[in-house]
Structure formats: C-alpha cells, structure tokens
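Okay, structure first, notes after.
The values are calculated or read from the model by the stated rules, or taken from the named source; none is laboratory data. These numbers come from a predicted model, not from an experiment. Backbone-built Cβ (ideal geometry, glycine too); neighbour counts: all protein chains shown. When the accessible area is computed, the model is the full protein with side chains, heavy atoms only, and any ligands, DNA or RNA have been set aside. Shrake-Rupley method; radii C 1.70, N 1.55, O 1.52, S 1.80 Å.
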Amino acid sequence: MISEITFEEVFPMWEKLWPGRDSIRPSTSMLDWDTSHNDIMLYQYAAEGKEHYAPVFFGIHATHPETNRQVLIAVNSGHQTSPTRYRSRGLYVMPKFCRRGLAQALLTHTINYARDRGFETVWSLPRETALKTYESVGFKTMVGEIEAGWTSSGVQVSERNCYAEINLK
C-alpha cells in the first residue's frame with residue numbers, strides 16, 4: 001500500500017540514496033535536459049503553495065518481523081517543474097526489498113498522480129542502474145556522458161547522466 005508521507009520520513013532513505021550529498025532538500029531546481037520546460041521560480045512557487053510545485057512524498061511500509069511495527073521500505077517523490085511537466089525524484093527501495101516490484105509500483109503511482117492532475121509529462125534523472133525499472137513502466141530513457149566531481153564533504157561523485165521521460169497524453 002502506497003501512502004503519502006512527510007519529508008522527515010523520506011530524509012533517512014534519501015541519505016542512503018545520496019550518501020555524502022551536501023544538501024538534501026525536499027525539492028530541487030535541477031533542470032531536465034530540455035531546459036525550455038523548466039520554471040526557475042520553482043522554490044518560490046512551492047513556498048507560496050502554487051499548484052503542485054510543493055513536493056509530495058510517497059512511501060511503502062512493511063511490518064518488521066521482530067517488533068511488529070511498520071517500517072518504511074521504499075520511497076519516491078514528485079513535484080511540478082513547469083505548467084505541463086512533473087518530476088519524479090528520489091526513488092529508493094531498501095536493498096533487501098529489491099526485485100519485488102516496489103520501485104515500479106512507486107513510479108506507477110507517481111505517474112498516475114501527475115496524470116490525475118493534468119500534467120503531460122513525467123521526467124526524472126535516474127541512475128544508470130535504474131533505467132530498466134523506469135523503462136518497465138513506460139519511460140523512454142537516454143544515457144549521457146559520465147560526470148565526475150566532489151562534494152564539499154570530500155565524497156567523490158562519478159555517475160553517467162541519465163534521463164527518463166514518459167508522455168501522459
């Protein structure tokens with residue numbers, strides 16, 4: 001069962017997704033590959049509560065076998081980036097729960113969430129290792145050049161730029 005959760009609940013999972021990242025925020029102004037679609041006022045619009053610019057967080061919980069408590073095992077989020085485009089961001093499934101369809105369920109939920117609100121496109125910047133997951137629910141993907149760098153905390157970052165997009169119309 002997928003439910004809406006808070007940024008505070010997502011944050012520990014995202015720390016695992018992006019280890020060493022200097023700043024993990026609820027939304028990001030990172031642009032997709034076609035920058036003509038992005039709205040540079042994203043943060044202001046989110047703060048003002050305009051349309052769907054404020055991020056929404058989704059989670060899947062499971063019952064811990066020893067404590068019988070609900071624990072968060074998979075997350076994703078989404079937010080508007082232009083009048084017609086919605087970004088899927090922060091897809092993460094705890095490793096011991098991978099290959100059970102949870103990532104696909106979260107992506108499908110995000111797609112449906114965006115479609116229900118009238119968006120034409122959902123896009124994301126997934127890791128290369130996640131491309132097959134995105135493709136399995138209908139995203140078209142592209143792979144770019146390897147980008148290397150360092151965070152201010154000294155963590156080396158080297159990933160291939162990847163892009164995923166699904167047309168909802």
Among the residues of region 115-125, how many are under 9 Å from the mean Cα position of the chain (by Cα) and open to solvent by 10 Å² or more (accessible area, probe 1.4 Å)? 1
Candidate set from region 131-147 (those that are within 22 Å of W18 (Cα to Cα) and crowded, with 19+ Cβ neighbours inside 10 Å); member that is nearest to the chain's Cα centre (by Cα): Y134
Just to be sure I understand, how many residues within region 95-115 are farther than 13 Å from A74 by Cα and not β-branched (V, I, T)? 4
